[in-house]
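A.B. asks: Please see the structure below; I have some questions.
The values are calculated or read from the model by the stated rules, or taken from the named source; none is laboratory data. This structure is a prediction, so every number in the text was calculated from the model and none was measured. With ideal geometry, Cβ positions are generated from the backbone for all residues, glycine too; neighbour counts draw on all protein chains shown. The accessibility values were calculated without ligands, DNA or RNA, using every heavy atom of the protein model including side chains. Shrake-Rupley method; radii C 1.70, N 1.55, O 1.52, S 1.80 Å.
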Amino acid sequence: MRNLAAHGLMAEFASAADLVAAAREVREAGYRHFDAYTPFPIEELDEAMGLHHTRLPFLVLIGGILGGLGGFALQYWTSVVNYPINVGGRPLFSWPAFIPVTFECTILAAGLTAVLGMLALNGLPQPYHPVFNISRFALASRDRFFLCVEARDPRYDPVETRHFLEGLDARRVSDVES
Amino acid sequence: MVFPTKGRRETVSSHLPPLVEPGHTFGSVTDKISSAVTERGTPRGWIVGFAFSFLLLMVLLVSVTYLLVYGVGVWGINIPVAWAFAIINFVWWIGIGHAGTLISAILLLLRQEWRTSINRFAEAMTLFAVACAGLYPLLHMGRPWLAYWLFPYPNTMGMWPQFRSPLVWDVFAVSTYLLISLMFWYIGLIPDLATLRDRSESRVGKTIYGLLAMGWRGSARHWHRYETAYLLLAGLSTPLVVSVHTIVSFDFAVAQVPGWHATVFPPYFVAGAVYAGFAMVILLAIPLRRFYGLQDFVTLRHLDHMARVMLATGLFVAYGYMMETFTAWYSASTFETYMIENRFFGPYSPYYWALIFCNVVVPQFLWFSRIRMNTTALFLIALVVSVGMWLERFIIVVVSLHRDFLPSSWDMYSPTIWDWGMYIGSIGLFLSLLFLFVRFLPMISIFEMRTLLPGAEVKEDEA
């Protein structure tokens, strides 16, 4: 049975250059809810689709700062406040000796933020996504390039959009069921 | 159809062999690399190799069991040489790991595109080497089941780790290194796991690779964040890898023992780590490219570049040996000068001269491009360097400890069969993990290889 609530229309392209050109046209035509699917990252595509900002570097910075402060605070509190040991009269707050662990905590927290943040912002892991309903989509992880205009876009029209995509050198255009 | 041989963003260098042999397409690269994983039958060579590695792994199992039952007395360690094989092997393994991070992170930041076909298995090598390294300090503790005492957690004893000790720094450095390397490797694998999910014909394969790929669909919005995260991780790994071996060197340099207490240790250890690591990458790359027919992707140019890095870091290490000797003489300290005299002419002197031969003399052959391009010669040199780097740690650990300040405390050290069992067994663990890796995961990054092909280039005027 056909699902009436379609996810959108999927156009298939044979080359990266065709896809980038098509993505630019789709964006210029006023579509905003669309996505491209490629077997490898394409720098030019980010620009064509208008992808400029990601919050990730900022999050990683915050993660790193918190990790560093947390690591240093842990060492300060344990060595000076909670469990002070007098070793030959040396100062309890021997901060230079705390730097290596502070550094490692900074890197660990920043690295964890980078990985988990990337996955979270990308919405992964995601067990189901409508694009996988198209059998040829398996080629998106091999050598084909796809562009999907989503039905939630206000400019989306099942007939008009299909015509538009077919005019963009697409090898084929198919409906994506949700 | 003949494609231009230069890679993307690569300046033309006509005298060097190409990074990817001409004639490859996105599809052919994908098929070639993933076939080692998706093919139905397991090659006989793999079975024989894995069986051999698994046998060595069993040697490890027996050695560890015996150690746990009878305690560290089964090893040759005693006072004054309380650190011996366990620490030598720890430093040796963790050093080997460093090349993987160097290739995946530092060379990425420097836009060295030749790293692309070797970074995946070099990262795997890092991970497995760090796993082998981690075993030793744990088992050397005597009561490994209390290893969690090393971590700061609120406990009923009311105690905390001593954060002024380099040994605690080591715990943080090595566990951070292991976690970051694991995440870096896994993140790099996700798009390739999606490829395997889509190409796998068996239900089991589809399910397992599907779960591991986490629903990756190659969305441009995802790639955008993915590349940012990957670059950030590379930027974080770069100082991390330098810090790890620096901290390992602090285990020695912070102590007063002659032969350990030297300011040259951190850079000298880091250079030695990269040196040993590249030797191991070469040792793995040469047989892998031959058995899996990957000469198109891991070309002579890659081997040439790795040999050059090995030569350069070998010279750093040689400088380290010179500075150790010079500092000992210049210090005019009886104990420091005796330490060098004991290395040169003492009871362990043959090991010292073997070290100089392996690490300083033999690598000089790498000045000749004909030797760098000859896989047999390169393999043998890398093997000699690996042995040399093991001897270096033997000299630092054992020869420094066995004769310290008081002649009344001097003693000789010799390893027992259980020391050797642990060492050979850890090689078995490393090789077993490596064999499983090449069978079940793509040993070359498929999606990154695609970006090197001419078809990946999008010219602005076309778009």
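A.B. asks: Using alpha carbons only, how many degrees (0 to 90, rounded to 10) separate the axis of helix A:56-76 from the longest principal axis of chain A?
C.D. replies: The answer is roughly 20 degrees.
A.B. asks: What percentage of the solvent-accessible surface of region A:56-122, computed with a 1.4 Å probe over protein heavy atoms, is contributed by carbon and sulfur atoms? It would help to have the intermediate numbers written out before the result.
C.D. replies: Working: 2590 of 3280 Å².
Reported share for carbon and sulfur atoms: 79 percent.
A.B. asks: Pairing the Cα long axis of helix B:417-440 with the longest principal axis of chain B, what angle in degrees results, from 0 to 90 and rounded to the nearest 10?
C.D. replies: 10
A.B. asks: Only four residue types carry charge here, +1 at the Cβ of Lys and Arg and -1 at the Cβ of Asp and Glu. Report the dipole size of region B:377-463 about the Cα centre in Debye, rounded to the nearest 20. Don't skip to the answer; put the middle values down first.
C.D. replies: Numbers: 5 positive and 9 negative charges, 83 e Å.
The dipole magnitude comes to about 400 debye.
A.B. asks: Counting only other chains, what is the mean number of Cβ atoms within 10 angstrom of the Cβ of each residue in peptide A:123-133? Intermediate values should be presented prior to the final figure.
C.D. replies: Details: counts 5, 10, 7, 4, 4, 1, 4, 0, 3, 5, 0.
Averaged over the peptide's residues, the number is 4.
A.B. asks: Nearest 10 degrees is fine. How inclined is helix B:44-70 to the longest principal axis of chain B, computing both from alpha carbons?
C.D. replies: 30
A.B. asks: Please state, as a whole number in µm²/s, the translational diffusion coefficient that the Stokes-Einstein equation yields for chain B at 25 °C and 0.890 mPa s, with Rh defined as the Kirkwood radius across alpha carbon pairs.
C.D. replies: Values: Rh = 23.7 Å.
Value of D from the Cα-based Kirkwood radius: 104 µm²/s.
A.B. asks: Specify the longest stretch of chain B that does not include any exposed loop site, a site being one of the GluC sites (Glu not before Pro) with a non-H, G, I, E, B DSSP assignment and at most 10 other Cβ atoms within 10 Å.
C.D. replies: Values: sites that count: B:E39, B:E201, B:E460.
That gives B:202-459 as the longest site-free run.
A.B. asks: Amide H of A:F145: which non-local residues (sequence gap of 5 or more, or other chain) have their own amide H closer than 5 Å, using H built in the peptide plane?
C.D. replies: Sorted by chain and number, the residues that satisfy this are A:F13.
A.B. asks: Calculate the mean, over all residues of peptide B:166-178, of how many other protein chain Cβ atoms lie within 10 angstrom of the residue's Cβ.
C.D. replies: On the way: counts 2, 0, 4, 7, 2, 2, 9, 5, 1, 2, 11, 3, 0.
Other-chain Cβ atoms within 10 Å of each residue's Cβ, averaged: 4.
A.B. asks: Compute the signed sum of charges (Lys and Arg +1, Asp and Glu -1) over the other residues within less than 14 Å, Cβ to Cβ, of B:W260. Please list the in-between numbers first.
C.D. replies: On the way: positive: B:R343, B:R393, B:R403; negative: B:D251, B:E324, B:E336, B:E392, B:D404.
Combined, the nearby Lys, Arg, Asp and Glu give -2.
A.B. asks: Can you give the accessible area per residue of the protein assembly as shown, in Å², using a 1.4 Å probe?
C.D. replies: Details: 27680 Å² over 641 residues.
Averaged over the residues of the protein assembly as shown, the accessible area is 43 Å².
A.B. asks: In Å², nearest 100, what accessible area do chains B and A bury in total when the solvent probe is 1.4 Å? Write out the running numbers ahead of the final one.
C.D. replies: Values: alone 21790 and 11580 Å², together 27680 Å².
That pair of chains buries around 5700 Å² in total.
A.B. asks: OK, next. With n ≥ 4 as the cut-off for DSSP H runs, can you work out [θ] at 222 nm for the protein assembly as shown, using -39500 (n - 2.57) per run divided by the number of residues, rounded to the nearest 500?
C.D. replies: Numbers: 20 runs with 365 residues, N = 641.
It lands at -19500 deg cm²/dmol.
A.B. asks: Per residue of B:226-238, what is the mean number of Cβ atoms on other protein chains within 10 angstrom of that residue's Cβ?
C.D. replies: Values: counts 8, 5, 9, 14, 4, 3, 13, 7, 1, 4, 10, 2, 1.
Neighbouring Cβ atoms belonging to other protein chains average 6 per residue here.
A.B. asks: Show me the trypsin sites (Lys or Arg not before Pro) within region A:1-88 that DSSP assigns to loop and that have at most 16 other Cβ atoms within 10 Å of their Cβ. Don't skip to the end; give the middle numbers.
C.D. replies: Values: sites: A:R2, A:R24, A:R27, A:R32, A:R55; in loops: A:R2, A:R32, A:R55.
Sparse-neighbourhood loop trypsin sites (Lys or Arg not before Pro): A:R2, A:R32, A:R55.
A.B. asks: Another one. Short version: what are the Cα gyration tensor semi-axes of region A:30-150, square root of 5 times each eigenvalue, largest first, in whole Å? Could the numbers behind the result be given before it?
C.D. replies: On the way: eigenvalues 474, 40, 27 Å².
For region A:30-150, the ellipsoid semi-axes come out as 49, 14, 12 Å.
A.B. asks: Once the other residues with Cβ under 12 Å from the Cβ of B:Y352 are scored (Lys, Arg +1; Asp, Glu -1), what is the net sum?
C.D. replies: Details: positive: B:R343; negative: B:E324, B:E341, B:E392.
After counting each charged neighbour, the total is -2.
A.B. asks: Select from region B:360-443 those chymotrypsin sites (Phe, Trp or Tyr not before Pro) which occupy a DSSP coil region and have at most 15 other Cβ atoms within 10 Å, ordered by residue number.
C.D. replies: Hits after loop and neighbour filter: B:F368, B:F405, B:W410.
A.B. asks: So if a site counts as exposed when it's one of the trypsin sites (Lys or Arg not before Pro), its DSSP state isn't H, G, I, E or B, and it has at most 16 other Cβ atoms within 10 Å, what's the longest stretch of chain B without one? Don't skip to the answer; put the middle values down first.
C.D. replies: On the way: sites that count: B:R8, B:R9, B:R40, B:R111, B:K459.
In short, B:112-458.
A.B. asks: Relative contact order for chain A: what is it in percent, counting Cα pairs under 8 Å that are at least 6 residues apart?
C.D. replies: Working: 230 pairs, mean separation 91.1, N = 178.
Relative CO of chain A lands at 51 percent.
A.B. asks: For region B:286-303, just list the computed ³J(HN,Hα) in residue order, Karplus coefficients 6.51, -1.76 and 1.60, θ = phi - 60°, integers in Hz, with x standing in for Gly and Pro.
C.D. replies: So the J values, rounded to whole Hz, are 5, x, 4, 5, 6, 5, 9, x, 9, 4, 5, 9, 9, 8, 4, 5, 5, 5.
A.B. asks: Along each of the three principal axes of the Cα atoms of the protein assembly as shown, give the extent in whole Å, ordering the values from largest to smallest.
C.D. replies: 94, 61, 46
A.B. asks: Report Rg (one decimal) and Dmax (nearest whole number) for region A:56-122, counting Cα atoms only, units Å.
C.D. replies: 15.1, 53
A.B. asks: Report the one residue of A:G50, A:P158, B:H402 whose Cα lies farthest in the direction of the positive end of the charge dipole of the protein assembly as shown (charges on C-beta: Lys and Arg +1, Asp and Glu -1; origin at the Cα centre).
C.D. replies: Projecting each Cα onto the dipole axis, the largest value belongs to B:H402.
A.B. asks: Still on this structure, please answer the following. Between A:N86 and B:Q256, what is the label-point separation in nm under the 7 Å Cα-to-beta-carbon projection?
C.D. replies: The answer from the label model is 2.1 nm.
A.B. asks: Please report, as a whole percent, how much of the solvent-accessible surface of region B:26-455 comes from carbon and sulfur atoms (probe radius 1.4 Å).
C.D. replies: Numbers: 11900 of 16690 Å².
With neighbouring chains kept in place, the figure for region B:26-455 is 71 percent.
A.B. asks: Hey, if you put +1 on the Cβ of every Lys and Arg and -1 on every Asp and Glu Cβ in the protein assembly as shown, which of B:A255, B:T416, B:S104 ends up farthest toward the positive end of that dipole?
C.D. replies: Of the options given, the answer is B:T416.
A.B. asks: Here is a further query. I want to check the label-to-label distance for B:T263 and A:R32. Put each point 7 Å from Cα in the C-beta direction and report it in nm to one decimal.
C.D. replies: The two pseudo-label positions are separated by 6.1 nm.
A.B. asks: Same structure again: Report the charge-dipole magnitude of region B:26-455 in Debye, nearest 20, computed about the Cα centre from +1 at each Lys and Arg Cβ and -1 at each Asp and Glu Cβ.
C.D. replies: Numbers: 26 positive and 20 negative charges, 269 e Å.
Approximately 1300 debye in magnitude.
A.B. asks: Taking all pairs of different Cα atoms in region B:342-408, averaging 1/r and flipping that mean, what Kirkwood radius in angstroms comes out?
C.D. replies: Details: mean 1/r = 0.0760 Å⁻¹.
Over region B:342-408, the inverse of the mean reciprocal pair distance is 13.1 Å.
A.B. asks: Relative contact order for chain B: what percent, with Cα pairs under 8 Å and sequence separation of 6 or more? Working shown, then result.
C.D. replies: Values: 613 pairs, mean separation 149.3, N = 463.
Relative contact order for chain B comes out at 32 percent.
A.B. asks: Taking θ = phi - 60°, what integer Hz values does the Karplus form 6.51 cos²θ - 1.76 cosθ + 1.60 yield along region B:81-95, in sequence order, with x for Gly and Pro?
C.D. replies: Each residue's phi maps through the Karplus curve to give 8, 8, 10, 9, 3, 4, 7, 4, 5, 4, 5, 4, 5, 5, x Hz.
A.B. asks: Spin-label point model (7 Å from Cα, Cβ direction): what's the B:F405 to B:M323 distance in nm?
C.D. replies: With each label point 7 Å from Cα toward Cβ, the separation is 2.6 nm.
A.B. asks: Evaluate 2.2 N^0.38 Å with N set to the residue count of region B:136-213, then give the Cα radius of gyration divided by it. Before the final figure, lay out each step's value.
C.D. replies: Numbers: Rg = 19.5 Å, N = 78, 2.2 N^0.38 = 11.5 Å.
Expressed relative to 2.2 N^0.38 Å, the Cα Rg reads 1.69.
A.B. asks: What is the sum of charges around B:F50, taking Lys and Arg as +1, Asp and Glu as -1, for the other residues whose C-beta is under 14 Å from the C-beta of B:F50?
C.D. replies: Once positives and negatives cancel, what remains is +2.
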